Amino acid sequence: MAGILLVEDDPAVRIGLELALTRQGHTVTSYASGEEALEHVKVRRPEIAILDVMLPGIDGVEVCRRIRRLDQLPVILLTARGDDLDVVVGLEAGADDYVVKPVEPRVLDARIRAVLRRMESVASDRITFGDLVIDRGALKVVLSGREVHLTPTELRLLLELVRHPGQVLNRRYLLRAVWDHTHVADSRLVDACVQRVRAKIEAVPAEPEFIHTVRGFGYRFSPP
Amino acid sequence: MRRTHTGLRVRLVFTFTVIAVAASALVAGIGYEFVKSRMIDRAEQVAVSDVRDTLEGIRVPIGALWPGDSPPTDDEISALQKSLRPQGGRVVVRYEDYLYPDGDFGISDVPADLGVRATQRLVAKRQLIDGDMWLLIGTPVWRIEPIHTAQPTGMTVFVFAPLIEEQRLLSDLRQPLALAGGAMLIIALGLGLASARRVLLPVRRLGSAARALGAGHLDTRLPVHGQDELAELTATFNDTAAALERSVLELRSLEAMSRRFVADVSHELRTPLTAMTAVTDMLSEEAERLPREPAAAVRLVLQEIARLRTLVEQLIEASRFDSGTATLNVDTVNIVDAVCDCLAMRGWTDQVRVNVPQGLSFPLDPRRFDVIVANLVGNALRHGEPPVLVTARSTPNGLEVKVRDHGKGIPAKDLPFVFNRFYKAGARGDGSGLGLSIARANAQLHGGTISVRAQHPGTLFTVWLPPA
């Protein structure tokens, strides 16, 4: 189904995940260290990267950060714990989603598919909000004439907000619509992704003009 | 504690005062009595010798009359009274059957016993008449003239000498004595309070230090002053506190080490579990094609991997609570959605009846709320009987969520311990023994709590979360 780059230092876990993902129809290339994986990203073009956070040498978060510098390759982090700093730091570094070890292969597969689905086009039209032009067909966002590079997740979030202009969307709704999370998941995914989108499309991210926070409820897209 | 030490102070001050007052009263009393008796004795001696001298000098013919004598006239008696009368005094004379009162004083003012005794010899007595002290001297009158032999005359004189002057002097003396006594009392009270404070202050300090120690301030120590028993006690207290601090620190470090160990072990277990979990789906699919017995073996392994995973997850969660690193990510959450998501994710939707108002939303940590509901419902499904009911409502005190099953219930003796770690009422099931304790820790992290009550039939768990 998809070309997956897997980075995991523990051989047993690496082999286990390789077996599971291959069986689900993906093509897996795996590495034991971040440095090797970064070399691979430059040469071959995987469709998605799955990174263990705890790695010898440069860690998963740093690998994610360096991948983001190169392109918008979707990244899923494999973390040891659900609610510590790993997750926050990883999401700030640009990760699209995270799963907590030990992860069931079904869950991991669902997340991979959800992330990849975000790359599919929604409809072929073009909407303009002042300086901001969103091309839903070409999956391109142009701000003041220059193209803005959004990851599939960021784009999907922006499109979801744009589809309901002026309406407050709560985090649970966004988690379902963008991440396909069917259970109570981490609202930090949404918050971190909104921050990243703001950083790319807002002139002053601290005083947003497009995506507004509605405290206690969620977010609202209302162009100036 | 406080009562005894107020009591001790009162007792000390009281004793001090009583001793001081008793001593000063004794000294003042003895002095007063001494002065009084000396003064009155002197007045008495003077008065008596005056009376005696005067009587020796009288020439009035009384008693058995001698040739040439004529019975005394009233004038002669008055003259006698006058000569006997001391300054401000009175003289009552009884001669045979005649009574000669003096002013408002009569024979009725003379006590009967003195009246009788005074016919034989000179007697003196102090007597209180109308509130004033008088010295009453009664004496028979003898006649020596003219034959130089004393003969009774049948006349008795009663001289009332006033003691007003002495009385005034004594009352003048009483006033400074009373003043001195009062001053003594105040000084005694002050000294008593001061010494009580001096004695009790270290006792009070020891008391509050002991309380601080009990409250967990194990570094509490007191300065040791002097060489007395209290200083010794303070030193003993310091030694005891130091010993206690040492052993508590040891225990704490041991406990921290063992917690750290559990946390480390759990984390280490996670890696092999991740590898095993990764291939569970594949194995369970393959098991379909295996012969019956190996298939059963594979399913057993898979089932136990799942159980081990739950156990490790909960151990890690519990050690996070122990180390205080558990954090709260509060969001306003629709309760119906949260409960339904929790049930749907675990495939319990058909087995549980949910009764939650549609619009009910509440600020809480959705992940932790999910853990609480999942643990309580999972527990009810595993150990109870259907129907399992989840209800929630908003109260002025916050959010109340109830999970009720209709099974046999938990034995009353086990009920108080169900939230203890690894406490399993009844048969050992597939639960880890940590679920309820983690559920409660999650509620407590919100500032809330979970309580349990037996129902007929079944068990009711009530979660309460305060408003943010």
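Brief remarks on what is shown
- Scanning region A:52-75 for residues that are of a type in the set (S, T, N, Q) and either within 14 Å of chain B (Cβ to nearest Cβ) or on the phi > 0 side of the Ramachandran plot (or both) turns up nothing.
- Lone qualifier among B:V35, B:V51, B:V60, B:V13 - being touching a helix residue (DSSP H, G or I) at 6+ places or on another chain (Cβ under 7 Å), among the β-branched types (V, I, T) and at pLDDT 85 or above: B:V35
- Filter pass, A:V178 being under 26 Å from B:L328 (Cβ atoms), without any contact (Cβ under 8 Å) to a residue 60 or more places away in the chain and either more than 10 Å from every other protein chain (Cβ to nearest Cβ) or surrounded by fewer than 21 Cβ atoms within 10 Å (Cβ to Cβ) (or both): no
- Within the option set B:T310, B:T332, being outside any helix (DSSP H, G or I) and within 56 Å of the chain's Cα centre (by Cα) holds for one residue only, B:T332.
- Search result, residues across region A:43-73 that are out of contact with any Leu (no Cβ under 6 Å at 6 or more places or on another chain) and of a type in the set (G, A, S): A:G57
- So B:L273, is it at pLDDT 90 or above and assigned to a helix (DSSP H, G or I): yes
- Any hit, region A:108-115, residues being among the basic types (K, R) and away from chain B (no Cβ under 13 Å): yes
- Top-ranked residue of region B:246-290 - restricted to ones that are over 60 Å from the mean Cα position of the chain (by Cα) and charged (D, E, K, R), ranked as nearest to the other protein chains (Cβ to nearest Cβ): B:D281
- Subset of region B:326-349 [buried (at least 20 other Cβ atoms within 10 Å of the Cβ), among the β-branched types (V, I, T) and at the interface with chain A (Cβ under 9 Å from one of its Cβ atoms)]: B:V333
- Criterion (surrounded by 22 or more Cβ atoms within 10 Å (Cβ to Cβ) and within 12 Å of chain B (Cβ to nearest Cβ)) met by exactly one of A:V190, A:V214, A:V197, A:V168: A:V190
- For region B:287-321, the set of residues classified as among the charged types (D, E, K, R) and surrounded by 17 or more Cβ atoms within 10 Å (Cβ to Cβ) consists of B:R309, B:E313, B:E317, B:R320, listed by residue number.
- Given (1) buried (at least 16 other Cβ atoms within 10 Å of the Cβ); (2) under 15 Å from B:G435 (Cβ atoms); (3) away from chain A (no Cβ under 14 Å), index of the condition B:V352 fails: (2)
- Only one of B:S319, B:S361, B:S323, B:S394 that is away from chain A (no Cβ under 14 Å) and either among the polar types (S, T, N, Q) or closer than 30 Å to B:R252 by Cα (or both): B:S394
- Residues of region B:435-453 classified as in contact with a Pro (Cβ under 9 Å, 6 or more places away or on another chain) and either surrounded by 17 or more Cβ atoms within 10 Å (Cβ to Cβ) or in a strand (DSSP E or B) (or both), total: 3
- Test for B:P457: is it in the same structural domain as B:V333 (by TED's automatic domain parsing), modelled with pLDDT of 85 or more and not in a helix (DSSP H, G or I): yes
- Among the residues examined, B:T280 qualifies as surrounded by 20 or more Cβ atoms within 10 Å (Cβ to Cβ), touching a helix residue (DSSP H, G or I) at 6+ places or on another chain (Cβ under 7 Å) and over 30 Å from B:R440 (Cβ atoms).
- Contact annotation: residue pairs with Cβ atoms under 9 Å, 6 or more positions apart or on different chains, pairing a residue in region B:192-205 that is closer than 16 Å to B:V224 by Cβ with a partner that is of a type in the set (S, T, Y) and in a helix (DSSP H, G or I), are B:P202/B:T234; B:R205/B:T234.
- Meets criteria (among the polar types (S, T, N, Q) and not in a helix (DSSP H, G or I)) for B:T220: yes
- Selection within region B:63-83: residues that are modelled with pLDDT under 75 and over 17 Å from B:L99 (Cβ atoms). The member of this set that is surrounded by the most Cβ atoms within 10 Å (Cβ to Cβ) is B:G63.
- Scan of region A:179-205 for residues that are among the hydrophobic types (A, V, I, L, M, F, W, C), at pLDDT 85 or above and under 30 Å from B:R346 (Cβ atoms), ordered by number: A:V190, A:A192, A:C193, A:V194
- Test: A:V99 is closer than 24 Å to A:G218 by Cβ, modelled with pLDDT of 85 or more and touching a strand residue (DSSP E or B) at 6+ places or on another chain (Cβ under 8 Å): yes
- Note on region B:82-113: residues that are assigned to a helix (DSSP H, G or I) and free of Cβ contacts under 8 Å to residues at least 40 places away in the same chain amount to 5.
- Matching option when the condition is more than 9 Å from chain B (Cβ to nearest Cβ), more than 16 Å from A:L116 (Cα to Cα) and in contact with a helix residue (DSSP H, G or I) (Cβ under 7 Å, 6 or more places away or on another chain), among A:G34, A:G16: A:G34
- Of the residues making up region B:151-193, just one is within 30 Å of B:P101 (Cβ to Cβ), loosely packed, with under 13 Cβ neighbours inside 10 Å and among the aliphatic types (A, V, I, L, M), namely B:I164.
The values are calculated or read from the model by the stated rules, or taken from the named source; none is laboratory data. Predicted model only: the values in this text are computed from it and were never measured. All Cβ positions, even for glycine, are placed from backbone atoms using ideal geometry, and neighbour counts span all protein chains on display.
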